[in-house]
Amino acid sequence: MKKIIIAPSILSADFANLERDIKLIEKNGADWVHIDVMDGHFVPNITIGVPVVKAIRKITNLILDVHLMIENPEKYISDFAKAGSDYITVHYEATLKNTNSVIDLIHSHNVKAGLSIKPKTSAEEIKRYLEDIELALVMTVEPGFGGQAFMSDCAEKIKYIKTNSKQDIIIEVDGGINDETAKVCKEYGANALVAGSYIYNSSNIKESIDLLR
């Protein structure tokens with residue numbers, strides 16, 4: 001069985017001690033660092049930008065999984081790629097008229113491309129792009145804030161994506177992930193899990209990562 005990728009979200013880390021908290025997940029078995037970029041327009045919150053991604057790249061060898069929850073992501077892809085992103089995931093809802101060109105732009109920087117859908121967007125809407133991307137991200141909460149409850153009906157989209165995509169695609173799930181909801185997602189076919197508060201609020205980070213996997 002293919003190893004489940006665990007991508008802790010630094011949205012739940014201590015931003016005053018970001019290097020410490022990234023080193024913490026690195027030494028306790030995390031595979032990726034999930035970086036939520038929010039602009040206050042596409043989602044109702046503002047987080048971090050290119051300078052922070054660039055700084056993170058200098059202090060870890062983990063895969064940088066950059067999730068752009070922003071309007072007009074094509075304006076910023078080059079900067080995030082140069083900052084050291086390994087994956088750049090954009091939202092289908094933010095690229096409705098130019099999804100193909102945005103995917104091509106990400107690939108032009110030798111970065112792997114991801115496409116994400118919000119809870120109200122059906123998986124069928126991204127079917128035509130599944131052969132062109134390396135990662136599909138299913139949101140199981142409304143994007144914008146950490147610590148929300150898992151929406152089980154959204155997780156059912158994983159099955160559709162798995163059935164209609166290439167074998168080596170990464171199907172990632174983000175939102176309300178803990179040891180119980182992780183089981184549901186893995187049963188549907190997810191092979192990458194984003195977890196923030198579940199990992200960073202844990203008294204035993206290694207155990208929490210192991211339980212998710």
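Descriptive notes on the structure:
- Within segment 156-213, being modelled with pLDDT under 95 and within 14 Å of K3 (Cα to Cα) holds for D168, R213.
- Residues being in a loop (DSSP other than H, G, I, E, B) and in contact with a Pro (Cβ under 9 Å, 6 or more places away or on another chain) - total across segment 67-91: 1
- Any hit, segment 179-195, residues being closer than 25 Å to N100 by Cβ, out of contact with any strand residue (DSSP E or B) (no Cβ under 9 Å at 6 or more places or on another chain) and among the acidic types (D, E): no
- As for segment 49-56, it holds no residue that is within 20 Å of L193 (Cβ to Cβ), at pLDDT 95 or above and of a type in the set (G, A, S).
- Answer residue from segment 34-47, given it is at pLDDT 95 or above and aliphatic (A, V, I, L, M) and is farthest from E93 (Cα to Cα) among those: I35
- Against the criterion of being outside any loop (DSSP other than H, G, I, E, B) and either modelled with pLDDT under 95 or in contact with a strand residue (DSSP E or B) (Cβ under 7 Å, 6 or more places away or on another chain) (or both), L64 qualifies.
- Checking S78, S9 one by one, the residue that is more than 24 Å from D104 (Cα to Cα), touching a His at 6+ places or on another chain (Cβ under 9 Å) and at pLDDT 95 or above is S9 and no other.
- Residue ID - surrounded by the most Cβ atoms within 10 Å (Cβ to Cβ), chosen from residues in segment 2-57 that are outside any strand (DSSP E or B) and of a type in the set (G, A, S): A30
- Which numbered condition A149 fails, given (1) under 21 Å from V43 (Cα atoms); (2) touching a Cys at 6+ places or on another chain (Cβ under 9 Å): (2)
- Taking first residues from segment 178-197 that are farther than 16 Å from D168 by Cα and partners that are surrounded by fewer than 16 Cβ atoms within 10 Å (Cβ to Cβ) and not hydrophobic (A, V, I, L, M, F, W, C), the Cβ contacts under 7 Å between residues at least 6 apart in sequence or on separate chains come to V184/S152; S197/G147.
- The residue of segment 59-78 that is surrounded by the most Cβ atoms within 10 Å (Cβ to Cβ), among those that are touching a helix residue (DSSP H, G or I) at 6+ places or on another chain (Cβ under 9 Å) and more than 17 Å from S116 (Cβ to Cβ), is L62.
- Counted as qualifying within segment 113-189 are the helices (runs of 4 or more DSSP H) with 1 or more residues that are in contact with a Gly (Cβ under 6 Å, 6 or more places away or on another chain) and buried (at least 19 other Cβ atoms within 10 Å of the Cβ), namely 157-163.
The values are calculated or read from the model by the stated rules, or taken from the named source; none is laboratory data. What you see is a predicted model; the values in this text were computed from it and never measured. When we count neighbours, we look across all protein chains shown, and the Cβ atoms used for this are built from the backbone with ideal geometry, even at glycine.
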